[in-house]
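Here is the structure we will look at.
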Amino acid sequence: MRCGPLLALIGLAAFGPAAAAPAAAAAPAAVAGPTVVIEAMRFEPAVLTVRRGERVVWVNRDLFPHTVTATGKAFDSGEIAAGASWSFLARKRGSYAYGCTLHPTMKGQLIVR
Ligand SMILES: [Cu+2]
């Protein structure tokens, strides 16, 4: 029975941080809504359909900047720094082709219903 308190201590050490993990993970989970991840010089998903009034977030996971620039200039993020994000409120229905002005091979499409 002498080892009882010791086991409790080990238990705390083992499960204490794990129990705190869900609270730490709550921040990313709070980022709801349509999201496009920019990674490895690609928009993912390349084609995203949203409803009018939704806010779309682009997250740049690359180590260098990108832009989200609509071909018709309906929206233009300017440079999104590495690790940063940018959002756009989709107010008008339509199909918006966009790309990255820094990397012409990067293409995406936002469809607002
Ligand atoms: Cu780019």
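Each reported figure results from applying straightforward, stated rules to the coordinates on display, with no laboratory input. On a predicted model such as this, the values are computed, not experimentally measured, just so you know.
What the table below lists for this structure:
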quantity: Distance cut-off 19 Å, percentage of C-alpha pairs in segment 35-112 lying past it; calculated: 23 percent
quantity: Chain lengthening between Met41 and Arg55 when straightened (0.36 nm per residue, less Cα-Cα); calculated: 2.8 nm
